[in-house]
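The values are calculated or read from the model by the stated rules, or taken from the named source; none is laboratory data. In this text, all values refer to a predicted model and were calculated from it rather than measured experimentally. Glycine gets a Cβ as well: all are built from the backbone with ideal geometry, and neighbour counts include every protein chain shown.
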Amino acid sequence: MKKVRKAVIPAAGFGTRFLPVTKAIPKEMLPIIDKPVIHYVVEEAINSGIEDIIFITGRGKVDIENYFDHSYELEDQLRKTGKQELLKEIEKISNLANIIYIRQKEPLGLGHAVLRAKDVVGDEPFALLLPDVLGDEKVLYTKKIIEAYQEKGKSIIGTKETTRENISKYGALSYEEGGDIFKLNNVIEKPAPDEAPSNRYIFGRYIFTPAIFACLEKTKPAQNGEIMLTDAILDLIKSEGVYGKMLEGTDFDTGDKLGYLQAMAWYGLRHNDLGEELSKYLKEINS
Ligand code: UTP
């Protein structure tokens, strides 16, 4: 079985839920304390054993490239002023991973974005991480689904459970009962609560065999003109088989305003230097 060495991170969407700031700043670059959201996601991938990161970017996303590149003037300045600790931290960012950038010329959907990575991924399994989805740094969701892939040798969909009222925000799963790795039968994108096959949904972490690319190539645009990843997953379920893996732990949708604020509070309260003061302040303004 081939090792999962590559991760695709699609970041070419417009981020309309976060306008107007996303007019000028990619939502992936919004900070949680002092690191952009995307930094946490790249760290999750690296700490899960990923070696190559393939970013799918679009117009207006050069900030992402600049962030993971060297910043010679800044590094020189820090060196000259003896700020060794900061210098080390800044240099570490540009050496985090082997990063490859691919442009999605038009945002024609998540499925279309993933298909851009076909030639660079080649004939290997790969991880897909949606950068809006942020977890607890210690949980390493990607590592857990890589382990599930090693057990089953099939594509794995990271899965979480929500309430019936909330299921219509997600891709809901129909599955065969089993342990915490279970066979999938169907995926229904954003179903009405009474039409959802279960409360389990697609969380933004996946492992795909390269067979997903052939499915994506066959996928016709949906009514909104987008190539939907869920349509290709359904095809893959029928042709090769796909498993779900239950994941547990905190997570945030940082592409959503409330989710972003929650992530900021959660990370802030756990921060070594800031946590105590922030906690005091939050109590104060809430009393
Ligand atoms: P979202 O559905 O969150 O879309 O995409 P979005 O444009 O980023 O944000 P909203 O909903 O308008 O606020 C899920 C992931 O797929 C990427 C996005 O960048 C995000 O990481 N994506 C989506 C692409 O890379 N290309 C696309 O054409 C669509």
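Among the numbered criteria (1) at pLDDT below 95; (2) within 21 Å of residue 113 (Cβ to Cβ), which single criterion is violated by residue 5?
Checking residue 5 against (1) at pLDDT below 95; (2) within 21 Å of residue 113 (Cβ to Cβ), the one that fails is (1).
Being within 16 Å of the chain's Cα centre (by Cα) and of a type in the set (S, T, N, Q) is the filter; apply it to region 240-270 and report the residue that is surrounded by the most Cβ atoms within 10 Å (Cβ to Cβ).
The qualifying residue surrounded by the most Cβ atoms within 10 Å (Cβ to Cβ) is 254.
When residues of region 2-27 are filtered for being in contact (Cβ under 8 Å) with a residue 40 or more places away in the chain and within 7 Å of the ligand (Cβ to nearest atom), how many remain?
The qualifying residues number 9.
Within region 47-67, identify whether any single residue is away from the ligand (no atom under 16 Å from the Cβ), under 25 Å from residue 156 (Cβ atoms) and assigned to a helix (DSSP H, G or I), and answer yes or no.
yes
Considering only region 223-268, state which residues are under 24 Å from residue 208 (Cβ atoms) and among the aliphatic types (A, V, I, L, M).
227, 228, 229, 232, 233, 234, 236, 237, 242, 246, 247
Is region 93-107 home to any residue that is touching a residue at least 24 places away in the same chain (Cβ under 8 Å) and assigned to a helix (DSSP H, G or I)?
Checked against the condition, which is being touching a residue at least 24 places away in the same chain (Cβ under 8 Å) and assigned to a helix (DSSP H, G or I), region 93-107 yields at least one hit.
Where the second residue is surrounded by fewer than 17 Cβ atoms within 10 Å (Cβ to Cβ) and modelled with pLDDT under 95 and the first is charged (D, E, K, R) and lies in region 40-63, which pairs have Cβ atoms under 6 Å and are six or more apart or on separate chains?
Qualifying pairs under 6 Å: 52/98.
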